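Presented below is the structure to which this report refers.
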Amino acid sequence: MRILYLDLDTLRPDHLSCYGYHRRTSPNIDGIAREGVRFERVHCSDAPCLPSRAALMSGRFGIHTGVVGHGGTAADMRLEGAGRSFRSTLSQTSLPAFLKQQGLYTTFIGGFAERHSSYTFYAGFREIHDTGMGGLESAEHVTPTVLDWIERHGDQDQWYLHVNYWDPHTPYRAPESFGNPFANEPLPDWYSGDLVQRHRRLVGPHTAQELIMFTNKPNPRFPRQVGEIKDQSDLRRVVDGYDCGIAYMDGHIGQVLAALEAKGVGDDLAIVVSADHGENQGELGLWAEHATADEITCRIPLIIRWPGGVKNHVDRGLHYNLDLAPTFAALLGQPPKPNWDGQSFAPAILEGAACGRDYLVLSQCAHVCQRAARWEDWLYIRTWHDGFHLFPEEMLFNVTSDPHEERDLARERPDLCQQGQQILDEWHAEMMRTMPEGYNVDPMETVLAEGGPSHAKGQLRAYCERLEATGRGYAIAELKRRHPREFL
């Protein structure tokens, strides 16, 4: 058994041509999709980068691991405490550790763990190649190490190779020499009318006047990165920069696939293509960031080509990224680990059978504090900390008819808001009932108690000065009312 996992940071599925995007961004990924199963409705349980991968590798929700944010207590995996034995539970139950137990030689190539000091991510890997730039790698910094590994090990049996590419993540860093293959192609249809001018009135980090968190000053090292969106030309630069990152990365994936083909391992090679989270490109007023618990940030691509599995199939069930660990277990004929929160969707891969969940609960505590219920056509978002965006407490979207979340239906459909809140309440009760021994506090409460999401904390006083200077002083009084601690 050989498994290649392509871990493609910040990749939203609807910008891949195999998911119906009108630009041909991903011919090599498209080829993998034709040979396997393309999952339409997979979401990370916890966003963004660190919480998502903690859930993926542990098979557990962030509310159980404690990792729901990017700073403070919520950025560290919970200690096992007095019940810890000679080795930690993670050394036996992480996804790589489980695969190692099945006899696979586990290898990681990339920069993720160093970026977030998330060294629990490495649990179970026998070989680790830190590509050394903490998430600022371009594909040309990663691929040579991958090709070298394949040359030395690719034709051996029993391996798992986890490759982490960063190119769709801001700052969009495809080399200038790559050019812009999309310069003459149309933008998505929904970028029309007065959208830019409406968005320039919005407040909060990563809105149209502050794409660089709380400022409009990009790093000159990354010429594709836009500091603010003043007009349709700037908007095009943002979208083209993101799409160029995807296309550039896809070309490097083609090199990896060709190297494996040259080793003669194509027939029995399993390939998984996925991401940690998506990327808001105007949805909810945010640009070039992954800062909410919405459909755009939390929905991720998942393509699985499995030896003996169905081909060119589309699965439309609701699944989490943390469901992958028990799915691998089922595919390998093994029982799941007792502490995994996920459930297997192996029947979708082997038979094309429907096996999705009734609903999902999505979490974001790094930029905002939000949880969302996702079921049928609906997305209900409940906000506890708005990250200075002035989001209402409740939002509701029909993400089937309104995929870019332009029309908030919360006031029109209180019945569906009540249903969404009931899903959140029932899920929360079950999570608290199954909390690890010694813990009884929801880590989102810890984030709020420590002053709020790490990417918002301590920034509001200076940001209000910028709002006044840029003609958006209308928002200051309400921001002060909502966040008085920021002014103490």
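The values are calculated or read from the model by the stated rules, or taken from the named source; none is laboratory data. Note that the structure is a prediction, hence the values are computed from the model and not measured. Using ideal geometry, Cβ is built from the backbone for each residue, glycine included, and neighbour counts are taken over all protein chains shown.
Limited to region 78-102, what total is found for residues that are assigned to a loop (DSSP other than H, G, I, E, B) and touching a strand residue (DSSP E or B) at 6+ places or on another chain (Cβ under 6 Å)?
Step one: of region 78-102, the residues assigned to a loop (DSSP other than H, G, I, E, B) are 78-80, 84-89, 94, 102.
Restricting the remaining residues to those that are touching a strand residue (DSSP E or B) at 6+ places or on another chain (Cβ under 6 Å) gives none.
Of the residues in region 78-102, 0 are assigned to a loop (DSSP other than H, G, I, E, B) and touching a strand residue (DSSP E or B) at 6+ places or on another chain (Cβ under 6 Å).
Look through region 275-310, keep the residues that are out of contact with any Ser or Thr (no Cβ under 9 Å at 6 or more places or on another chain) and small (Gly, Ala, Ser), and return whichever of them is nearest to Arg236 (Cα to Cα).
Of everything passing the filter in region 275-310, Gly282 is nearest to Arg236 (Cα to Cα).
Cys417 is checked against (1) surrounded by 14 or more Cβ atoms within 10 Å (Cβ to Cβ); (2) in a helix (DSSP H, G or I); (3) free of Cβ contacts under 8 Å to residues at least 24 places away in the same chain and fails just one. What number does that condition carry?
The single condition Cys417 does not satisfy is (3).
Among His15, His64, His70, His43, which is touching a Leu at 6+ places or on another chain (Cβ under 7 Å) and more than 23 Å from Leu161 (Cα to Cα)?
Working: His15 fails: touching a Leu at 6+ places or on another chain (Cβ under 7 Å); His64 fails: touching a Leu at 6+ places or on another chain (Cβ under 7 Å); His43 fails: more than 23 Å from Leu161 (Cα to Cα).
When all the criteria are applied, what remains is His70.
Show the residue pairs that are 6+ apart or on different chains and have beta-carbon atoms under 7 Å apart, the first residue being within region 327-348 and among the polar types (S, T, N, Q), the second being in a loop (DSSP other than H, G, I, E, B) and crowded, with 22+ Cβ neighbours inside 10 Å.
Thr327/Phe345; Asn339/Arg60
Which residues, taken from region 196-242, are outside any loop (DSSP other than H, G, I, E, B) and among the hydroxyl-bearing types (Ser, Thr, Tyr)?
First pass over region 196-242, keeping only residues outside any loop (DSSP other than H, G, I, E, B): 196-199, 212, 215, 232-242.
Within region 196-242, Thr215, Ser233, Tyr242 meet the criteria.
Would you check which residues across region 318-331 are over 18 Å from the mean Cα position of the chain (by Cα) and either among the basic types (Lys, Arg) or closer than 13 Å to Gly356 by Cα (or both) and list them? Walk me through how you get there before you give the answer.
So the first thing to find is which residues in region 318-331 are over 18 Å from the mean Cα position of the chain (by Cα), and the list is 326-331.
Thr327, the sole residue that qualifies.
Is it the case that Pro175 is under 25 Å from the mean Cα position of the chain (by Cα), within 20 Å of Gly285 (Cα to Cα) and not small (Gly, Ala, Ser)? Before the answer, list the steps.
Numbers: under 25 Å from the mean Cα position of the chain (by Cα): yes; within 20 Å of Gly285 (Cα to Cα): no; not small (Gly, Ala, Ser): yes.
No: the conditions fail for Pro175.
Based on what the data block shows, is Val196 touching a strand residue (DSSP E or B) at 6+ places or on another chain (Cβ under 9 Å) and either modelled with pLDDT under 95 or β-branched (Val, Ile, Thr) (or both)? Write out each step before concluding.
Working: touching a strand residue (DSSP E or B) at 6+ places or on another chain (Cβ under 9 Å): no; either modelled with pLDDT under 95 or β-branched (Val, Ile, Thr) (or both): yes.
Here the answer is no, as Val196 does not meet what is asked.
Identify the residue in region 243-268 that is part of a helix (DSSP H, G or I) and acidic (Asp, Glu) and, among all such residues, is nearest to Gln225 (Cα to Cα).
If we take residues in region 243-268 being part of a helix (DSSP H, G or I) and acidic (Asp, Glu), then Asp243 is nearest to Gln225 (Cα to Cα).
Would you tally the residues in region 223-248 being within 22 Å of the chain's Cα centre (by Cα) and either farther than 16 Å from Leu284 by Cβ or among the charged types (D, E, K, R) (or both)?
In the first step, residues of region 223-248 are kept if they are within 22 Å of the chain's Cα centre (by Cα); the result is 224-226, 238-248.
Restricting the remaining residues to those that are either farther than 16 Å from Leu284 by Cβ or among the charged types (D, E, K, R) (or both) gives 224-226, 239-248.
The total comes to 13.
For region 373-398, how many residues meet the condition of being surrounded by fewer than 19 Cβ atoms within 10 Å (Cβ to Cβ) and either within 23 Å of Tyr19 (Cβ to Cβ) or modelled with pLDDT under 95 (or both)?
4
Looking at this structure, is Gln370 surrounded by 22 or more Cβ atoms within 10 Å (Cβ to Cβ) and within 27 Å of Asp294 (Cβ to Cβ)? Give the steps one after another, and end with the answer.
Working: surrounded by 22 or more Cβ atoms within 10 Å (Cβ to Cβ): yes; within 27 Å of Asp294 (Cβ to Cβ): yes.
Yes.
Taking region 269-292, which residues are in contact with a strand residue (DSSP E or B) (Cβ under 9 Å, 6 or more places away or on another chain) and part of a loop (DSSP other than H, G, I, E, B)? Walk me through how you get there before you give the answer.
Keep residues of region 269-292 that are in contact with a strand residue (DSSP E or B) (Cβ under 9 Å, 6 or more places away or on another chain), which gives 269-281, 284, 286-292.
If the condition is that a residue be in contact with a strand residue (DSSP E or B) (Cβ under 9 Å, 6 or more places away or on another chain) and part of a loop (DSSP other than H, G, I, E, B), then Ala275, Asp276, His277, Gly278, Glu279, Leu286, His290, Ala291, Thr292 are the ones that fit.
Being within 20 Å of His15 (Cβ to Cβ) and among the basic types (Lys, Arg), is that true of even one residue in region 159-173?
Yes, that holds for at least one residue.
What single numbered condition from (1) acidic (Asp, Glu); (2) exposed (fewer than 14 other Cβ atoms within 10 Å of the Cβ); (3) at pLDDT 95 or above fails to hold for Glu437?
Among (1) acidic (Asp, Glu); (2) exposed (fewer than 14 other Cβ atoms within 10 Å of the Cβ); (3) at pLDDT 95 or above, Glu437 violates only (3).
Any residue in region 128-146 that is closer than 12 Å to His169 by Cβ sitting within a Cβ distance under 7 Å of a residue that is surrounded by fewer than 16 Cβ atoms within 10 Å (Cβ to Cβ)? List the pairs, counting only those 6 or more apart or interchain.
Ser138/Pro175
This table checks each residue for (1) of a type outside the set (D, E, K, R); (2) modelled with pLDDT under 95.
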site: Ser401; (1), (2): yes, no
site: Ala410; (1), (2): yes, no
site: Cys417; (1), (2): yes, no
site: Ser454; (1), (2): yes, no
site: Gly458; (1), (2): yes, yes
site: Tyr463; (1), (2): yes, no
site: Arg472; (1), (2): no, no
site: Arg485; (1), (2): no, yes
site: Leu488; (1), (2): yes, yes
